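Rule-based calculations on the coordinates, nothing more; no lab input. All values derive from a computational prediction rather than experimental measurement. Heads up, the Cβs are rebuilt from the backbone with ideal geometry, glycines too, and the neighbour counts pull from every protein chain shown.
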Amino acid sequence: MGYEDEVVYEDDEVEYEDDEVVYMDENDETLIKGVENVFKVIHTRTLKRDSYDGEALFTVELKNGMVDENFPFRNLVVPDVVIHEDMVITLKRWAKKAKEYPHNKRNCLITNERTKKGTLFSEEHQYYQEYVECL
């Protein structure tokens with residue numbers, strides 16, 4: 001039964017299933033504005049992960065002084081569109097380490113899957129690796 005079949009009145013609260021995900025449709029301009037609002041990326045020793053899809057979450061300081069501890073990787077890096085300058089340095093350093101130690105177990109920065117040896121991303125997201133290597 002779909003939600004479109006239900007009649008919802010102003011006083012009623014709609015309950016959604018736990019596994020229902022609502023995605024925002026973001027275009028390039030929205031992502032660029034989001035990255036422009038980031039003052040700096042604060043690097044910690046360990047990366048937090050999104051509990052739903054395993055994407056790496058970073059701590060960022062916004063230009064208005066607020067700190068966001070759960071800023072998604074894909075909002076900081078979009079191949080051929082935008083990348084925050086703090087992430088360039090970090091990704092180059094991480095890519096160098098991944099090539100130096102290809103047999104270390106790593107998880108993809110976008111999903112929680114194992115990376116392809118010597119890279120930072122899973123097989124499915126290798127276009128991000130190609131982008132990082134071109135920086």
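If the chain linking residue 63 and residue 117 were pulled fully straight, counting 0.36 nm for each residue of separation and taking away their Cα-Cα distance, it would gain 15.8 nm. Net length available on complete extension from residue 46 to residue 127 is 26.7 nm, with 0.36 nm assigned per residue and the Cα-Cα distance removed. For the range 35-93, the dipole from Cβ point charges (+1 on Lys and Arg, -1 on Asp and Glu) about the Cα centre works out to 260 debye, to the nearest 20. Evaluated with a Cβ-only charge set (Lys, Arg +1; Asp, Glu -1), the range 78-130 carries a dipole of roughly 440 debye about its Cα centre, given to the nearest 20. If you wrap the range 81-135 in the convex hull of its Cα atoms and look at it from every side, the mean projected area works out to 3.6 nm². Working note: Cα atoms of the range 31-108, range along each principal axis, descending, whole Å: 41, 27, 20.
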